[in-house]
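One structure below.
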Amino acid sequence: MARLTPAEARARADAGAVLVDVREPEEWATGHAPGAVLAPLSALTAGQPLPRTAQGHPVVAICRSGKRSREAAALLTARGTDVVDVVGGMRAWAQAGLPVVTESCTTPSDPA
């Protein structure tokens, strides 16, 4: 199973893959990648399908640190989805200076 850096993940999303954030809704609200769709790992493990916008497309899974996205990638691969995950998750995404969308606006994130 392939793992991508945040820059590689963004390039793949720009090329047509769907960025799927597998964190919980309250984590999503604190900031997520632009264009990402929410599909919590808890919902996926309970058998829920990917959001319609991700079905039939290559998927890039992302979470906070990379652990849940790796689990989601394994689960989705077993379901026949073309999926990779992001090493380091949203933490690495933000540290790379990539944009983060919050509830109120889109801003480049500040490295912690």
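T30 passes all but one of (1) in contact with a strand residue (DSSP E or B) (Cβ under 8 Å, 6 or more places away or on another chain); (2) at pLDDT below 95; (3) not small (G, A, S); which number fails?
The number of the failed condition is (1).
Can you run down the residue pairs with Cβ atoms below 6 Å, 6 or more apart or on separate chains, where the first is in the stretch 70-94 and on the phi < 0 side of the Ramachandran plot and part of a helix (DSSP H, G or I) and the partner is surrounded by fewer than 24 Cβ atoms within 10 Å (Cβ to Cβ) and at pLDDT below 95?
Once the first residue is on the phi < 0 side of the Ramachandran plot and part of a helix (DSSP H, G or I) and sits in the stretch 70-94, its partners that are surrounded by fewer than 24 Cβ atoms within 10 Å (Cβ to Cβ) and at pLDDT below 95 give A73/M1; A94/S109.
If we scan the stretch 48-69, do we find a residue that is outside any loop (DSSP other than H, G, I, E, B), open to solvent by 10 Å² or more (accessible area, probe 1.4 Å) and either of a type in the set (A, V, I, L, M) or in contact (Cβ under 8 Å) with a residue 60 or more places away in the chain (or both)?
No, every residue in the stretch 48-69 fails to be outside any loop (DSSP other than H, G, I, E, B), open to solvent by 10 Å² or more (accessible area, probe 1.4 Å) and either of a type in the set (A, V, I, L, M) or in contact (Cβ under 8 Å) with a residue 60 or more places away in the chain (or both).
I'd like to know if the stretch 33-43 contains one or more residues that are touching a residue at least 40 places away in the same chain (Cβ under 8 Å), within 16 Å of R91 (Cα to Cα) and open to solvent by 20 Å² or more (accessible area, probe 1.4 Å).
Yes, because at least one residue in the stretch 33-43 is touching a residue at least 40 places away in the same chain (Cβ under 8 Å), within 16 Å of R91 (Cα to Cα) and open to solvent by 20 Å² or more (accessible area, probe 1.4 Å).
List the number of the failed condition for A94; all other conditions in (1) open to solvent by 40 Å² or more (accessible area, probe 1.4 Å); (2) modelled with pLDDT of 95 or more hold.
(1)
I'd like the full set of residues that are farther than 16 Å from P99 by Cα and of a type in the set (A, V, I, L, M, F, W, C), limited to the stretch 19-58.
V22, L38, A39, L41, A43, L44, A46, L50, A54
The values are calculated or read from the model by the stated rules, or taken from the named source; none is laboratory data. Keep in mind that this is a model prediction, so the values were computed, not measured. FYI the Cβ positions are ideal-geometry reconstructions off the backbone, even for glycines, and counts take in every protein chain you see. Accessible surface is based on the protein model in full, side chains and every heavy atom, while ligands, DNA and RNA are left aside. Shrake-Rupley method; radii C 1.70, N 1.55, O 1.52, S 1.80 Å.
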